[in-house]
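The values are calculated or read from the model by the stated rules, or taken from the named source; none is laboratory data. All figures in this text were calculated on a predicted structure; none of them were measured in a lab. Virtual Cβ from ideal backbone geometry, glycine too; neighbours counted across all protein chains shown.
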Amino acid sequence: MGNQAGKPDSGRPTSSAVRPELFYKVDIVVIGAGQAGLSAAYHLKREGLEPGKGFVILDDEFGPGGAWQHRWDSLTLSNVNGINDLPGLGFADAVNTKDKELQANVAIPKYYEVYEKTFNLPVIRPVQVTEVIDRNGRFLIRTNGVQFNARGIINATGTWKTPNCPKYPGWEKFKGRQLHTGEYKNADEFIGKHVIIVGGGISAVQLLGEISKVTQTTWVTRRPPDFRHYEFSPEHGREAVAMVEDRVREGLPPKSVVSVTGLPITPAIEDMLEHGVLDRKPMFQEITETGVRWEDGTTMDADVIFWNTGFRHSLDHLAGLNLLSEKGGVVMTGQLVTQVAADPRIHLTGYGPSSSTIGANRAGRAAAKELMAYLKL
């Protein structure tokens, strides 16, 4: 166990001396038990690191499932995009995938729960990491519970806990309701209300289609939506990931994969186009007490402003390590771009090109193997 003994200003111990801080000492701490964190933990164990002594996983949720347990109710196995098998145990081996109406926020947490138990992964929850400090060649991981001391870190915190919600002028004046994607449950809560939906990504379009079936909607985006007439293929995916990878290798903030691929026109989108649901308006300039105002003075009243404006990577607890480059991102390296160039003892999974579920899987394996090799474990 590591310790720091507090002493009074005189430097001489007294009866009022601060009690030494105690830390649970391991080789590697994995922060986050979503897809990337579980994948990394599986490979750490497979490579010979002892669960509980060699490594632990810290998760700030009350149960398994990562961000999936907070997804909206209408997201079912019939329309969810991006479920990917974790290494060693397929989704279909843990969940009845024939039930297409099964909610994703139920099915995937169940899968993760079975996965954690099957491989006896040492997940400690609920524990929130508040700060990571570099001291004497090791990391002190401060939490709202037990404190940890480690030689290396695999950060797999994702983005769900840090929504990006731009506060336009007048934000605080609006008397209606404002919410972000992460707070949405189902369309029924908006019946009888006029909803302004902000955002040009996949989630915005999907939820616009859903909400427009029960109430009045207006769609607003900063840029015209990038609809593309093609069937998304593995080749398109690889091209998009490569472009995001180039950015993080240079230390630029990562962009989402959809910002590169655009929005492929699906049958659902074709139906929305045909019925005028995707009649997009440019971004408003100001929020008023009763709605929004555009630059030309045009106003619109609304009951709800629904921000589908994405998320940012949850890295605030690493701020003290000064990982950000002057370009605003983290310079990354390694086989699958998970290793922090400035400090190879730190790997970021679910960051940049590994933010998709399949990317997170592969990144977990690469991070585990590379970090163990670097630390000579």
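Just one residue in the set TYR115, TYR184 is among the hydroxyl-bearing types (Ser, Thr, Tyr), within 27 Å of LEU377 (Cα to Cα) and either buried (at least 20 other Cβ atoms within 10 Å of the Cβ) or at pLDDT 95 or above (or both); that residue is TYR115. Just a yes or no: is a residue in segment 225-232 modelled with pLDDT of 75 or more, hydrophobic (A, V, I, L, M, F, W, C), crowded, with 17+ Cβ neighbours inside 10 Å and more than 30 Å from LEU323 (Cα to Cα)? Checked against the condition, which is being modelled with pLDDT of 75 or more, hydrophobic (A, V, I, L, M, F, W, C), crowded, with 17+ Cβ neighbours inside 10 Å and more than 30 Å from LEU323 (Cα to Cα), segment 225-232 yields no hits at all.
Taking residues in segment 252-274 that are on the phi > 0 side of the Ramachandran plot, and partners anywhere that are modelled with pLDDT of 75 or more, the pairs with Cβ atoms closer than 6 Å and at least 6 places apart or on different chains are GLY262/ASP226. Every condition in (1) without any contact (Cβ under 8 Å) to a residue 24 or more places away in the chain; (2) outside any loop (DSSP other than H, G, I, E, B) is met by HIS317 except one, and the failing one is (1). Among the residues of segment 172-223, those identified as within 14 Å of ASN308 (Cβ to Cβ), in a loop (DSSP other than H, G, I, E, B) and among the hydroxyl-bearing types (Ser, Thr, Tyr) are TYR184, SER212. Taking segment 41-85 as the search range and keeping residues that are part of a helix (DSSP H, G or I), of a type in the set (A, V, I, L, M) and at pLDDT 95 or above, which one is nearest to the chain's Cα centre (by Cα)? Selected residue: ALA41.
I'd like the full set of residues that are surrounded by fewer than 24 Cβ atoms within 10 Å (Cβ to Cβ) and either under 14 Å from the mean Cα position of the chain (by Cα) or assigned to a helix (DSSP H, G or I) (or both), limited to segment 339-373.
SER355, SER356, THR357, ILE358, ASN361, ARG362, ARG365, ALA366, LYS369, GLU370, MET372, ALA373
Of all residues in segment 131-152, those being within 16 Å of LEU375 (Cα to Cα), assigned to a strand (DSSP E or B) and touching a Lys or Arg at 6+ places or on another chain (Cβ under 7 Å) number 4. A single entry from LYS161, LYS175, LYS110 fulfils the requirement of being out of contact with any strand residue (DSSP E or B) (no Cβ under 6 Å at 6 or more places or on another chain), touching a residue at least 12 places away in the same chain (Cβ under 8 Å) and more than 23 Å from ARG71 (Cα to Cα): LYS175.
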